[in-house]
Amino acid sequence: MTEERLCSVTDVGPGKARRFELGDLSVAVVRIGDGWYAIGDRCSHEDVSLSEGEVLGDTAEIECSKHGSCFSLTDGQPSCLPATKPVPVYDIRVDGDDVYLVVP
């Protein structure tokens, strides 16, 4: 495994998500308070960018903007239909002002 720098901490506002590309890998980086999460950017129900959805800080989930499926930012599991399959989650590390993704 390797680490790749994704962005600066100022590139993702609190309670927001932003899409980043690393080669063929699309990742939604989510910031909730001091917590940082990285989740595959494609809804498992349809090919929709999760980074365009609403961040649900109370439950640490992201909601797909198209059909409303919510995905856990910690394990990628959907908590409501129509999605039934999880999306991948990735380890993320903040070092000073830099945000790194652990690439499998």
| remark: Pseudo-spin-label distance Val94 to Glu21, built 7 Å along Cα→Cβ, given in nm, is 2.7
| Here are some values of volume of the Cα convex hull per residue in Å³: [x] 209; [y] 116; [z] 85. Which one was computed from this structure? | [z]
| Taking amide hydrogens as modeled 1.01 Å from N in the peptide plane, which residues meet the under 5 Å criterion relative to Val103, leaving out close sequence neighbours? | Thr2, Glu3, Glu4
| note | For the chain, whose charge dipole is built from +1 on Lys and Arg Cβ atoms and -1 on Asp and Glu Cβ atoms, the candidate among Thr74, Val12, Leu56 with its Cα farthest towards the positive end is Leu56
| GNM result for the chain, Cα springs below 10 Å: residue of Glu52, Glu61, Glu21 fluctuating most strongly | Glu21
| request: Give me the number: length gained by fully extending Val103 to Val9, i.e. 0.36 nm times residue separation minus the C-alpha to C-alpha distance, one decimal in nm. | output: 32.0 nm
| About the Cα centre, charge dipole magnitude for the chain (Lys/Arg +1, Asp/Glu -1 at Cβ), debye | 200
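FYI, it's all coordinate maths here, none of it is from the lab. Quick caveat: nothing in here was measured; it's all calculated off a predicted structure. Glycine also receives a Cβ, built like all others from the backbone with ideal geometry; neighbour counts cover every protein chain displayed.
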